Amino acid sequence: MDLFRLKAHELHEKLTRREVSAVEITQSVLARTDKTDTVIRSFITRTQDAALAKAKTVDEKIARGEAVSPLAGIPGALKDNMCTNGIKTTCASKMLANFIPPYDATVTEKLAAADAVIVGKTNLDEFAMGSSTENSGFFTTRNPWDTDRVPGGSSGGSGAAVAAGEAIWSLGSDTGGSIRLPAAYCGIVGLKPTYGRVSRYGLVAYASSLDQIGPFARDVRDCATVLGVIGGYDRRDSTSIHSPVLDYTKNLGVGVKGLKIGLPREYFVAGMQPDVESAIRRSIDELVAMGAELVEVSMPNTKYALATYYLIATAEASSNLGRYDGVGFGHRGEGNDIVSMYKRSRAEGFGPEVQRRIMLGTYALSSGYYDAYYLKALKVRTLIKQDFDRVFEKVDVLIAPTAPTTAFKVGEKIEDPLAMYLMDVCTIPINLAGVPALSLPCGFADGLPVGMQIIGPHLSEEKILQVAYTFEQAHDYHKQMAPIREVD
Amino acid sequence: MKLNRKDVEHVALLSRLELSEQDLDKYTGQLDAILEYIDVLNQVDTSGVEPMAHVLDIRNVMRPDVVQPSLPREAALMNAPEPENGFFKVPKIVE
């Protein structure tokens, strides 16, 4: 049996029934990765030895009759912008190519405490800036459904790894869609939790008021399990939320009877791929047939979200990335005086998209332009947030496409930053409002997965997961794995 | 034109980025196109709207001032490109 094809909850059952060992599960995933990752290229760093050592300790616990967590012995992967003590954390940037953190991110600590097995660190667009992994300073990850195409980004390595069977679950970070877009393109489940639900301590900052860590998995139950492990207040992140972490797997089966679903018309944008739109509309009809009630809603400020995001995110990035100065850590260029050393270090260390965003953000914050750009964007952000507050007085969740198209081809948009930014048009407003949203597979268009986005109010993760679970269980998308042309 | 080559040169200096002539041309075109797009925000009436820097209503988060273990010096210097005698070495700053 191919253990790498199973879900975490299935593997957990087999482990506790002692039908398989954690070492066997880990070996299956590692062997799969040996075979597939020469083509898919999800991983920047693999940690086979540490993974097997951890699996062995889990087997010993089980042998002693100890109870183990639902993630114990289950192989997963971390996006390479989450700090791992003693293991390289590169952010897919030449700037941090040799950076070895002297501490763990909070999520890394929590996963270790849950005895999860970590098989490696995954590729991303440099510093999480991008929608395809083509902005990685090292290499581009491929979509397991069609290796000519991108896996989405920025957490493309984490998405592709789970879709390809190179990990059972993984973590990504989502600033403007960076979990949900790869989940949609790779045909898996991805959740961006409420801003502050998961600690950002040890997550390398891109745009601090928008960044949020969340899980990828091959079904909704696994996604709920991982959220339960990583969520919670953390005194080291003052923006983490004081609210109890639920057992999100407990009430997944409550159904959608009487649920009010809002359909925001502004999310069905002009230029949307017709078979993506029809897949989403068909899925909504199915939820209605299962007992949900549909309400058409309008969120008039949606069309300003992308512009707002690209001012706020880049302004925050220009400040956050000021720390890369060639002194304390990271790449250092030659220079006789301090300013030339800074300029050389940063020009050599950062790739073009990162440079572009730093400059855009610096411009938006600079003297004479602050009011016209940055302050204006903060005001429009208020209006966008108010759109969400208003609709959630009327509906329980919103349903929308995750992206206007299916996965695009490698190279197709890389020379046109604005065309690339448009891929995030349906995901960005959610980060600006700070609310949670999940992407799950809802069909195929020309052989490529289509993602449906379920959006809820502040801290409504349980509700979102319940809706997703109800839809998922009526279909078999979660039972299909990408057939990798070169391997399977 | 929203911004010209001179603006980009200035922003590159503020951003501490050394750009080639070729990069300057490329970024000028790309940033101009992005700013052109961002102009859509001028359609929005924001008079009387409060700016929102953050979605959570958090102000100064306080905690007791308790001594905690900090990063040992060796660990802090472990990733430094040019450490020397327990310090970070930089080019001359003061004339």
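The values are calculated or read from the model by the stated rules, or taken from the named source; none is laboratory data. Computed from a predicted model, the values in this text were never measured in an experiment. Glycine also receives a Cβ, built like all others from the backbone with ideal geometry; neighbour counts cover every protein chain displayed.
From the list A:Val29, A:Val20, A:Val68, A:Val58, which one is of a type outside the set (Asp, Glu), at pLDDT 95 or above and closer than 29 Å to A:Tyr185 by Cα?
Of A:Val29, A:Val20, A:Val68, A:Val58, the one residue that is of a type outside the set (Asp, Glu), at pLDDT 95 or above and closer than 29 Å to A:Tyr185 by Cα is A:Val29.
Only one of A:Ser93, A:Ser131, A:Ser69 is crowded, with 23+ Cβ neighbours inside 10 Å and more than 14 Å from every other protein chain (Cβ to nearest Cβ). Can you tell me which?
Going through A:Ser93, A:Ser131, A:Ser69 in turn, the sole match is A:Ser131.
So which of A:Tyr342, A:Tyr370, A:Tyr363 is closer than 26 Å to A:Met420 by Cβ and aromatic (Phe, Trp, Tyr)? Don't jump to the end; show me each part of the working.
Numbers: A:Tyr342 fails: closer than 26 Å to A:Met420 by Cβ; A:Tyr370 fails: closer than 26 Å to A:Met420 by Cβ.
Testing whether each residue is closer than 26 Å to A:Met420 by Cβ and aromatic (Phe, Trp, Tyr) leaves just A:Tyr363.
Looking at (1) in a loop (DSSP other than H, G, I, E, B); (2) loosely packed, with under 10 Cβ neighbours inside 10 Å, find the lone condition where B:Leu3 falls short.
It is condition (2) that B:Leu3 fails.
So for segment A:242-264 (the condition being touching a Pro at 6+ places or on another chain (Cβ under 8 Å) and either in a helix (DSSP H, G or I) or surrounded by 21 or more Cβ atoms within 10 Å (Cβ to Cβ) (or both)), does at least one residue qualify?
No; the residues of segment A:242-264 include none that is touching a Pro at 6+ places or on another chain (Cβ under 8 Å) and either in a helix (DSSP H, G or I) or surrounded by 21 or more Cβ atoms within 10 Å (Cβ to Cβ) (or both).
Return the residues of segment A:391-415 that are of a type in the set (A, V, I, L, M) and either modelled with pLDDT of 95 or more or surrounded by 20 or more Cβ atoms within 10 Å (Cβ to Cβ) (or both); say none if nothing qualifies.
Once the filter is applied, which keeps residues that are of a type in the set (A, V, I, L, M) and either modelled with pLDDT of 95 or more or surrounded by 20 or more Cβ atoms within 10 Å (Cβ to Cβ) (or both), segment A:391-415 yields A:Val391, A:Val395, A:Val397, A:Leu398, A:Ile399, A:Ala400, A:Ala403, A:Ala407, A:Val410.
Checking A:Asn320 against (1) under 26 Å from the mean Cα position of the chain (by Cα); (2) in contact (Cβ under 8 Å) with a residue 24 or more places away in the chain; (3) over 30 Å from B:Lys26 (Cβ atoms): exactly one of these is not met. Which one?
(3)
What do you reckon, is B:Glu21 more than 30 Å from A:Glu348 (Cβ to Cβ) and not aromatic (Phe, Trp, Tyr)?
Considered against the rule, which asks whether it is more than 30 Å from A:Glu348 (Cβ to Cβ) and not aromatic (Phe, Trp, Tyr), B:Glu21 comes out as no.
Restricting attention to segment A:112-142, which residues are touching an Asp or Glu at 6+ places or on another chain (Cβ under 9 Å) and within 25 Å of A:Val229 (Cα to Cα)?
Passing the criteria: A:Ala112, A:Val119, A:Gly120, A:Lys121, A:Thr122, A:Asn123, A:Leu124, A:Phe127, A:Ala128.
Quick check: is even one residue across segment A:90-107 among the basic types (Lys, Arg) and within 20 Å of A:Tyr324 (Cα to Cα)? Outline the logic, then answer.
Narrowing segment A:90-107 to residues among the basic types (Lys, Arg): A:94.
If we keep only those that are within 20 Å of A:Tyr324 (Cα to Cα) too, we end up with A:94.
Yes; the residues of segment A:90-107 include at least one that is among the basic types (Lys, Arg) and within 20 Å of A:Tyr324 (Cα to Cα).
Within segment B:40-95, take every residue that is exposed (fewer than 12 other Cβ atoms within 10 Å of the Cβ) and of a type in the set (S, T, N, Q) and give me the one that is farthest from the other protein chains (Cβ to nearest Cβ).
It comes out as B:Asn85.
How many residues are over 15 Å from A:Thr89 (Cβ atoms), assigned to a loop (DSSP other than H, G, I, E, B) and in contact (Cβ under 8 Å) with a residue 40 or more places away in the chain when one looks only at segment A:134-153?
Count: 13.
List the pairs whose first member sits in segment B:12-28 and is in contact (Cβ under 8 Å) with a residue 24 or more places away in the chain and facing chain A (nearest Cβ under 8 Å), whose second member is of a type in the set (D, E, K, R) and surrounded by fewer than 16 Cβ atoms within 10 Å (Cβ to Cβ), and whose Cβ atoms are under 6 Å apart, counting only residues at least 6 apart or on separate chains?
Final answer for the pair search is none.
Given the criterion closer than 27 Å to A:Arg236 by Cα and either small (Gly, Ala, Ser) or not in a loop (DSSP other than H, G, I, E, B) (or both), identify the matching residue among A:Ile118, A:Ile100, A:Ile62.
None of the other options fit; the residue is A:Ile118.
Would you mention how many residues in segment B:24-37 are over 27 Å from A:Ala305 (Cα atoms) and either over 20 Å from the mean Cα position of the chain (by Cα) or modelled with pLDDT under 95 (or both)?
Of the residues in that region, 1 qualify.
Does segment A:129-146 contain at least one residue that is farther than 29 Å from A:Tyr324 by Cα and among the aromatic types (Phe, Trp, Tyr)?
Yes; the residues of segment A:129-146 include at least one that is farther than 29 Å from A:Tyr324 by Cα and among the aromatic types (Phe, Trp, Tyr).
Going through segment A:21-51 one residue at a time, which ones are surrounded by fewer than 18 Cβ atoms within 10 Å (Cβ to Cβ) and outside any helix (DSSP H, G or I)?
Passing the criteria: only A:Thr45.
Of all residues in segment A:324-338, how many are at the interface with chain B (Cβ under 7 Å from one of its Cβ atoms) and more than 15 Å from B:Ala76 (Cα to Cα)?
5
Do you know which of the residues in segment B:43-95 that are under 25 Å from the mean Cα position of the chain (by Cα) and among the small types (Gly, Ala, Ser) is farthest from A:Asp337 (Cα to Cα)?
The extreme case among them is B:Ala53.
Answer with yes or no whether A:Thr108 is within 27 Å of B:Glu74 (Cα to Cα), assigned to a loop (DSSP other than H, G, I, E, B) and within 21 Å of the chain's Cα centre (by Cα).
Answer is no for this residue.
Taking the options A:Ile74, A:Ile87, A:Ile62, name whichever one is touching a strand residue (DSSP E or B) at 6+ places or on another chain (Cβ under 9 Å) and free of Cβ contacts under 8 Å to residues at least 60 places away in the same chain.
It is A:Ile87.
From A:Leu360, A:Leu422, A:Leu378, A:Leu418, which residue is surrounded by 24 or more Cβ atoms within 10 Å (Cβ to Cβ), within 12 Å of chain B (Cβ to nearest Cβ) and in a helix (DSSP H, G or I)?
A:Leu360
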